[in-house]
């Protein structure tokens, strides 16, 4: 699932899709946390808490990212990453 | 015990005046700011006289000697536990005498400037600078330690620079101020080196410890040696180098004649009466060290002084700009003072030269300030600096004429004016110590009388020239200081200096040595007579003489080409053989290295800028590939 996210992040040209890929990556990490916590340290809760944090941060990140995407759309009238290349030499 | 703590005010008042006039002067009316500056000076003059009265006439003597009193002292810069620089007020006979000289002359110059500078642009600026100068000069003479002296020494240099360049729109004034500053600064480098050597070996800056005849400075001095001279001698020679620069002795005299570009009151105050004697004062201050542990340095002082006095006197005979004549005469008289110090011994009657030097310093300050202020009045009247534009002025400027005559007689050493007494003491001291220098000084006395009266006859006698308008006497603000100074110059000879200002603070008996005095007066009279024959009426003799001694005359007229020698040395030798290679090295090696680095960086960055494509996903791809690579590498290394 993590590499599905990475693949999506690298190949998709649409910013929304890229954002979704990022969410995929984060979720895969969450699942990993929960799973490893359950099997390696069944009496501790750090993994659960960590994934809770990741969820919170992911929510905030999604909000910010969408705001950025909206701004980019207003500025360039596109959400294709290949067209947004003014930050080069 | 008299409380002298109020003496702190003496340097402080002019400083406050400087801040006030410098910051707020342009908001005040010019006249008011001038009066304020003068009032401040009046206050410190009164304070100085009170101090002198208590110091000399209510003295606390120990062993019959005037004590050195530290009126106040506070640590100014604490560098380490042992190394600290203090600021304070030290009272001893010479510093109290200098207080009198400086405050009196400065006060007179302030009053005079009220008239002379009237209506000039930057009137309040002028008074602010004058206050700054007075502050630094007073701080210099009351310094408790050599470092404080050095600081104020530099401040004096700065204020002199500011005042010479007062007419900053005139290129020649700007050049002169720069020249004065650079030449004296160069000499001060020697002073600083001297201080460092001295303090390194004695572990103190303090004058009280340094000049104590039984103190460590004199005890440790003679031990270590370098090139055949003791380390104390070297340090004293270096310190003297600073004095040579400030006092315009040969070979650092070249700035003084050019410094006459400044306003005339400035020339009177700085370049005649006070600042230029700072070098003499410096030697006098360090005198116990010179006399007791560095006699070779004292010989240097004597010979430099004697040579400068002769050299300057000869040049003065040929100059036509009256202020320049006076400048060279100042140099010549300071040479006298240096010589007197140089032939002096320490203590008792041996210290005759020391006393004579201080005495001459005092009388010289009076009559030279008078001469300069008189010259200012003349220039004010005829709007020219050149003798050739003057003549027959005695009818138009009666007061200036009389006071100028008094000053000329004083400098020529004619009794009963003060110059006679002080010059006689110097000659007596020279006679008992070094016959050769004594002869030189006899000759200089004659030349001095000659060139001063050449000046006098040319200005006040002779034919009247065509003037733009009839010359008129200067306003009262200018003539009153002239009269006061003339009285001072005439009568200050009766001050019993041998009871007051001596090398070890003890009084000794001294009387006029008639065997020396009478020939010196005769020589002076001979000089005057020669000047009378040559210049009182219009004759062709001077021109003929100049023609006969064409080359000598031309040499002297061009100041023996010392300026040209300096120019040659700097331009042809130093610039070509030192500065040019250094500049080449800087431009090609130092700059070249830097330029190569810059070029390479630029070239590389042009090549690699393609990486910055702006394509977000390329970056992400590189990043993730890198992460994976590292991850793989880590696993391999781990296992």
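The values are calculated or read from the model by the stated rules, or taken from the named source; none is laboratory data. The model shown is predicted, which means the values in this text are computed figures rather than measured ones. No Cβ is skipped: glycine too gets one built from the backbone with ideal geometry, and neighbour counts run over all protein chains shown.
A few remarks follow.
- Taken across the range A:54-63, residues that are surrounded by 13 or more Cβ atoms within 10 Å (Cβ to Cβ), within 14 Å of another protein chain (Cβ to nearest Cβ) and either within 21 Å of residue B:621 (Cβ to Cβ) or touching a residue at least 40 places away in the same chain (Cβ under 8 Å) (or both) do not occur at all.
- Check on residue B:625, within 14 Å of chain A (Cβ to nearest Cβ), modelled with pLDDT of 85 or more, under 60 Å from the mean Cα position of the chain (by Cα) and surrounded by 10 or more Cβ atoms within 10 Å (Cβ to Cβ): no
- For residue A:11: the one exception among (1) exposed (fewer than 13 other Cβ atoms within 10 Å of the Cβ); (2) farther than 30 Å from residue B:610 by Cβ; (3) within 14 Å of chain B (Cβ to nearest Cβ): (2)
- Exactly one residue out of B:173, B:248 is at pLDDT 85 or above, under 21 Å from residue B:269 (Cβ atoms) and surrounded by 16 or more Cβ atoms within 10 Å (Cβ to Cβ): that is B:173.
- Qualifying residue in the range B:277-284 (condition: under 13 Å from residue B:250 (Cα atoms), modelled with pLDDT of 85 or more and in a helix (DSSP H, G or I)): yes
- The residues of the range B:440-496 that are within 29 Å of residue B:305 (Cα to Cα), crowded, with 17+ Cβ neighbours inside 10 Å and at pLDDT below 80, listed by number, are B:493, B:495.
- Residue match in the range B:507-521 (condition: in contact with a strand residue (DSSP E or B) (Cβ under 9 Å, 6 or more places away or on another chain) and at pLDDT below 80): yes
- The residue pairs whose first member lies in the range B:416-432 and is touching a residue at least 60 places away in the same chain (Cβ under 8 Å), whose second member is surrounded by 24 or more Cβ atoms within 10 Å (Cβ to Cβ) and outside any helix (DSSP H, G or I), and whose beta carbons are closer than 8 Å, counting only pairs six or more residues apart or on different chains, are B:419/B:413; B:420/B:413; B:423/B:413; B:424/B:413; B:429/B:343; B:429/B:344; B:430/B:343; B:432/B:343.
- The number of residues in the range B:1-19 that are under 11 Å from residue B:128 (Cα atoms) and without any contact (Cβ under 8 Å) to a residue 60 or more places away in the chain comes to 2.
- Where a residue in the range A:64-89 is within 11 Å of chain B (Cβ to nearest Cβ) and its partner, wherever it lies, is modelled with pLDDT of 80 or more and part of a loop (DSSP other than H, G, I, E, B), with Cβ under 7 Å and at least six apart: A:80/A:13; A:81/A:13; A:82/A:13
- Selected residue (only one of B:605, B:613 is within 14 Å of chain A (Cβ to nearest Cβ), within 30 Å of residue A:83 (Cβ to Cβ) and at pLDDT 85 or above): B:605
- Taken as a whole, the structure leaves residue B:598 outside the set of residues that are within 30 Å of residue A:21 (Cβ to Cβ) and either in contact with a strand residue (DSSP E or B) (Cβ under 7 Å, 6 or more places away or on another chain) or part of a helix (DSSP H, G or I) (or both).
- Criterion (on the phi < 0 side of the Ramachandran plot, in a helix (DSSP H, G or I) and either out of contact with any strand residue (DSSP E or B) (no Cβ under 9 Å at 6 or more places or on another chain) or at pLDDT 85 or above (or both)) met by exactly one of B:104, B:80: B:104
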